[in-house]
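Just below is one structure, and these are the notes that go with it.
Read the figures in this text as sums done on the coordinates, not as results from a lab. Bear in mind that the values here come from a model prediction, so they are computed numbers and not experimental data. For neighbour counting, all protein chains shown are included, and Cβ atoms are generated from backbone atoms with ideal geometry for every residue, glycine included.
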Amino acid sequence: MRFSKTLAAIAGLVFLVLGCGGGGEAATPVFETARGVGTLTIDIDDFKFTPDNIKLTTGQQVRIVLSNSSVTNDHGFTVGYGLLTEGGSSSGFQTDLFDGIEVLVTGPAKLVRSGKAIVTRDGDGGVEDDASGFLVIKGPSSQNTIIEFTVPDTFGEYEFASFESNGDYYKDGMKGLINVFPKEPDCPRPGTANCSR
């Protein structure tokens with residue numbers, strides 16, 4: 001009897017840990033050996049990002065495959081830190097991860113805003129020039145939007161978020177974390193041979 005109670009308690013703890021995600025490691029790009037480009041898929045849904053915790057390294061070439069699983073809602077994707085508020089509502093970030101870097105956006109998007117990024121657009125729609133920061137707004141679609149860039153040398157902690165509906169999506173928890181780490185000193189390009197990150 002005592003054995004079965006102990007076994008039941010252990011089984012309960014295992015299910016509790018598995019159900020809570022067990023601490024969850026940060027997602028990292030999966031690298032193709034030939035090109036040295038890491039692919040990271042981010043799914044946007046009502047009202048969350050999956051994954052919501054990402055680890056990148058300065059100098060990595062990254063391809064974010066962005067999908068919107070929502071049937072009805074548009075969702076934004078922007079990355080930065082230092083929350084901006086306008087009229088009491090969250091509207092974006094003071095510092096944008098993409099400032100001054102080249103970004104290629106491929107595939108459908110309702111809006112691509114350049115901020116201070118150097119954006120090339122391949123696909124439907126143009127690019128709106130705006131100093132507010134790089135942003136992609138993705139409507140419900142079966143097609144992915146791809147964002148390609150090289151991770152800049154500014155390491156630290158960034159948020160990615162959607163500020164749709166006057167910042168309500170952000171307030172309701174539609175955000176995630178990107179930690180950017182410095183590359184190893186003897187690693188010319190992270191994600192290639194002999195580089196662990």
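Quick check: net charge around Val127, other residues with Cβ under 9 Å of its Cβ, Lys/Arg +1 and Asp/Glu -1? Spell out each step's value before the answer.
Details: positive: Arg113, Arg121; negative: Glu128, Asp129.
Combined, the nearby Lys, Arg, Asp and Glu give 0.
When the Karplus curve 6.51 cos²θ - 1.76 cosθ + 1.60 is applied with θ = phi - 60°, which whole-Hz ³J(HN,Hα) does each residue of the range 65-78 get, with x for Gly and Pro?
Each residue of the range 65-78 in turn: 9, 9, 10, 10, 7, 5, 7, 10, 9, 7, 9, x, 9, 9 Hz.
Over 21 Å apart: what share of the alpha carbon pairs of the range 24-181 falls there, rounded to a whole percent? Can you show the working numbers first?
Numbers: 4994 of 12403 pairs.
Tail fraction, whole percent: 40.
By the scheme Lys and Arg +1, Asp and Glu -1, what is the net charge of all other residues having a beta-carbon under 12 Å from that of Gly100? Display every interim value, and only then the final one.
Details: positive: Lys116; negative: Asp96, Asp99, Glu102, Asp153.
Charge balance in the 12 Å sphere: -3.
Under a plain spin-label model, where a point goes 7 Å from the Cα along Cα-to-Cβ, how far apart in nm are Glu164 and Arg35?
My value for the distance between the label points is 2.8 nm.
Could you please rank Arg121, Arg113, placing first whichever residue has the fewest other Cβ atoms within 10 Å of its Cβ?
Arg121, Arg113
May I ask you to sort Arg35, Arg63 by Cβ crowding, counting other Cβ atoms within 10 Å and putting the fewest first? It would help to have the intermediate numbers written out before the result.
Values: Arg35 11, Arg63 19.
Going from least to most buried by this count: Arg35, Arg63.
How would Asp168, Asp74 line up from fewest to most surrounding beta-carbon atoms within 10 angstrom? Before the final figure, lay out the partial values.
Values: Asp168 14, Asp74 18.
With the fewest neighbours first, Asp168, Asp74 line up as Asp168, Asp74.
Considering only the other residues whose Cβ falls under 12 Å of the Cβ of Lys48, what net charge follows from Lys and Arg at +1 and Asp and Glu at -1? Don't skip to the end; give the middle numbers.
On the way: positive: Lys175; negative: Asp43, Asp45, Asp46, Asp52, Asp172.
Overall, the nearby charge balance is -4.
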